[in-house]
Amino acid sequence: MSGSRITGWGSNLPEKVLTNNDLAEGGLDTSDEWIFERTGIRQRHVGGSTSQMSIHAGKQALDMAGVTGDDIDLVIVATSTPDQLMPGTSATVHAELGIRGGACDMQAVCSGFTYALMAANGLISTGLERILVIGADTLSDYVDWEDRGSAILFGDGAGAVVLEKHDNATLLGFDLGADGLHRHIGYTDHDGKITMDGKEVFRTAVRAVTQSAKNAMAEAGVTAEEIDWFVPHQANVRIIESIASRLGIPMDKAVVTIQDTANNSAATIPIALDTAVRDARIQPGDLLLLGGFGFGMTWASAIMRWEPNV
Ligand code: ACO
């Protein structure tokens, strides 16, 4: 069966780091102990721009794949924090990376990267050769820094992959879903700040991602025991632990980067993937489960055989 595979990857974080202690010393009524114990977060990177982080991560992915913008049929930027309302952030990325083909943004909040990966895989099956998929967000622009219930959670970042047509499918199963009736539990109005019912997001996320991961595994014909690495959305390590435990995946098979990055929305999964490939945890042949959720609520899971060189 023909399909696609990832041939290049990259990520980018802004230089400026805000630690939990910085937040507490800045006047937020919180502490490093509380934040780390409840979320797994120690710090977040802030001060990025969605387009610039996308360009840096995208360039790394192109270089790794050994291609240039001229070889790319489409760039998709998954983001809910575009530089401008119009045009899409993908237009800036398109210009700066010299992309030959099309450009569009995808808005599914934190699920956006996995949604975009699925869309790219589908477009490759209809004839496109090579797609640059980026997840990037600048949530620090939308954080209410006086709201301790949400300010502690978010940061900025970008991650990217090049997806190419391939003789064998490496994306073996997908699941995506949404429950728009839950759109009120997390939202940001135009010119507003992130507003969230943290407990309800937590509960809904655990339920939805667990079921979604099971659906994707069933579609791929694999079991949880066969998963080498769970690469989850990084929103709260306790959410990751709850999902992993319900799926029967031990935590030492989960890629956790949240301590350094906090939740940078559509960027978390490609950053976690990039991190675990670069530090050689993920090896060729490994079976990956990508899974996450975002405001909407939206959720998406993918099962992937990591075969960058075959
Ligand atoms: N520091 C210290 N105390 C705090 C803080 C803080 N930062 N935040 C809340 N508290 C207090 C509360 O006021 C409360 O005090 P009380 O008992 O005196 O009333 C107590 O701690 C417990 O608060 P809870 O809200 O019950 O804490 P919880 O354990 O649920 O943790 C959290 C809150 C971290 C927000 C958690 O619910 C969570 O992570 N939810 C998921 C949120 C999420 O993932 N959002 C992103 C979705 S992805 C996207 O699309 C962007």
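Would you mind computing Rg(Cα) / (2.2 N^0.38 Å) for segment 252-310, counting N as its residues?
It is 1.18.
Measuring with a 1.4 Å probe in the full set of protein chains, what accessible area per residue, in whole Å², belongs to segment 171-305?
The answer is 39 Å² per residue.
Return the carbon/sulfur percentage of the accessible area of segment 192-303, one whole number, probe 1.4 Å, all protein chains in place.
50 percent
Largest first and to the nearest Å, give the Cα extent of the chain along each principal axis.
So the extents along the principal axes, rounded to whole Å, are 55, 44, 38.
How big is Rg to Rh over segment 171-305, alpha-carbon atoms, Rh as the Kirkwood inverse-mean-distance radius?
0.97
In whole Å, what are the Cα extents of segment 47-103 along the three principal axes, biggest one first?
31, 23, 16
For segment 84-154, which GluC sites (Glu not before Pro) are in a loop by DSSP, counting at most 16 other Cβ atoms within 10 Å?
When the GluC sites (Glu not before Pro) of segment 84-154 are filtered for loop state and at most 16 Cβ neighbours within 10 Å, E129, E146 remain.
How large, in percent, is the carbon and sulfur part of the accessible surface of segment 3-166 at a probe radius of 1.4 Å?
Ligands and nucleic acids excluded, carbon and sulfur reach 49 percent.
Between beta-carbons, use under 11 Å as the cut-off and find the net charge around I243, counting Lys and Arg +1, Asp and Glu -1.
Within the 11 Å Cβ shell, the charges total +3.
Taking every DSSP beta bridge with both residues inside the chain, roughly what % is antiparallel (nearest 5)?
DSSP beta bridges in the chain are roughly 70 percent antiparallel.
What list of whole percents do you get for P(r) of segment 1-83, with Cα-Cα distances grouped in 5 Å bins up to the one holding the largest distance?
For segment 1-83, the binned pair fractions read 3, 12, 16, 16, 13, 14, 10, 7, 6, 3, 1, 0 percent.
If you take every DSSP beta bridge whose two residues both sit in segment 14-161, what share of them, in percent to the nearest 5, is antiparallel?
45 percent
Where only protein heavy atoms count, and the probe is 1.4 Å, what is the accessible area per residue for segment 3-166 in Å²?
On a per-residue basis, 39 Å².
Taking θ = phi - 60°, what integer Hz values does the Karplus form 6.51 cos²θ - 1.76 cosθ + 1.60 yield along segment 9-20, in sequence order, with x for Gly and Pro?
For segment 9-20, the Karplus-derived couplings read 8, x, 7, 8, 10, x, 5, 6, 10, 10, 7, 4 Hz, x marking Gly and Pro.
Just how many % of Cα pairs in segment 3-166 lie over 19 Å apart, if you round to the nearest whole percent?
The proportion of pairs with Cα distances above 19 Å equals 55 percent.
Near K214, which lysines are there with a Cα under 21 Å away, not counting those fewer than 8 places off in the same chain?
K253
Measuring from centroid to centroid over Cα atoms, what is the spacing of segment 276-301 and segment 128-160 in Å?
When both Cα centres are located, 16 Å separates them.
The values are calculated or read from the model by the stated rules, or taken from the named source; none is laboratory data. Small disclaimer: the values here were computed from a predicted structure and weren't measured. Using ideal geometry, Cβ is built from the backbone for each residue, glycine included, and neighbour counts are taken over all protein chains shown. Note: areas computed on protein heavy atoms with side chains; ligands, DNA, RNA excluded. Shrake-Rupley method; radii C 1.70, N 1.55, O 1.52, S 1.80 Å.
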